[in-house]
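Please treat every number below as a calculation from the coordinates, not as lab data. Treat the numbers as computed from the prediction; the structure is a model and nothing was measured. Here Cβ is always computed from backbone atoms with ideal geometry, including for glycine, and neighbour counts include all displayed protein chains.
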Amino acid sequence: MPDDGLIATLTLRRGALARVGLERVALVEAVAELGSISAAAKRLGLSYKGAWDVVQALNNLFDTPLIEAAPGGRSGGAAVVTPRGRAVVTAFRRVQTELDAALAKLDSALGGEPAHDLFWSLGMKTSARNALRGVVTEITPGAVSGEVTLTLADGVAITAVLTRRSIEDLELAVGRPAIALIKASFIVLATGGPLRTSARNQIPGAVAWREDGAVNTEVGLDIGGGKTLVATVTLESAQALDLKPGDAVTALVKAPHVILAVE
C-alpha cells in the first residue's frame, strides 16, 4: 500500500525565480563530500551537463558562489563548496527538519482530507536560459522608458530598458535586489576589439565551455564573480570564431532584451 501521508517538499526562493530545492541541496552536499562535480553527478544519477547547469544556476542566483570549480571547468577538475554554500545547506536542512515536524502534526489534523486539494505549488519557471541576481545601482528615467542598471558582481553590470510604468510597478530603486533574465539566443558573441556596436551591454568574459549540436552551439562564458552567461549561436558561427575554453569573448546584449524580475 502506498503511503498517503502528507509530505513536505521545501523550496527556498529569492523572489519568484531563485528556487533551491532538495535536489539542488543534495548536489551541493555531494560536491562537499566528494570534491568533484562529476563524482557528485554520478552518485545522484545526473548527467555531468545537468549537474554543471545546476551549479551555474545556483552561482548565478546567489550573491556569492556556492560552489567553486577548479581549473578543468565543465570538462572536469575539483570543486569546492564555499562557506556561503555550506551556510545555505545548513539553513535548508534546519528548516526542512522543522517543516517535517510541523507537517506531521498537520497531516494528523487533516483527518484524511486529500492533501492535493488543499495545497498548490506556487513555483514559477522561466524559459530564459540566463537568470542572474544583482542589485539595482542606477536608474535613468525617461518620459516613456528608462534605463535600469543592475550590478551582478564587482565590475560586472547589465542595463535594461523598461517602460516607466514597469519601473514603477516593480518598485525598482537603487539598492533593491533584482534578477536579470536573458534568453541565450539574444546574446551575440564577438572576439577581438575594441568594438563599435549599438548594443548597450558589452560584457567581457572568457569561454568556460562549448557544446556543439547538429545546428547550434551552446557557449558558457565566465564573466567574473562566479557568474556565467550562456549564449546560443549557430554551429557555423562558433566554428568561424574558433571558440575555445579560455578565449576572451565579449557578450553583446541589447538593453530591451533584458527582462528584470523582483520578489
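Past 22 Å, Cα to Cα: identify those pairs from K49/K244; K42/K244; K183/K227, in the order given. Distance filter (> 22 Å) returns K42/K244. Our coupling estimate for the stretch 59-68, obtained by passing each phi through the Karplus curve with A = 6.51, B = -1.76, C = 1.60 and θ = phi - 60°, is 5, 6, 8, 10, 5, 9, x, 8, 9, 10 Hz, Gly and Pro reported as x. Applied to the stretch 235-247, the Karplus parametrisation 6.51 cos²θ - 1.76 cosθ + 1.60 on θ = phi - 60° returns per-residue 3J(HN,Hα) values of 4, 4, 5, 4, 5, 5, 7, 6, 6, 9, x, x, 5 Hz, with x for Gly and Pro.
Extension gain, R210 to L34: 0.36 nm times the residue separation minus the Cα-Cα distance gives 60.8 nm. Remark: W52, W209 ranked as W209, W52, counting other beta-carbon atoms within 10 Å and listing the fewest first. The calculated FRET efficiency for the pair E236 and R196, based on their C-beta separation and a Förster distance of 35 Å, comes to about 0.90.
Among S47, S237, S38, the order by Cβ neighbours within 10 angstrom, fewest to most, reads S47, S237, S38.
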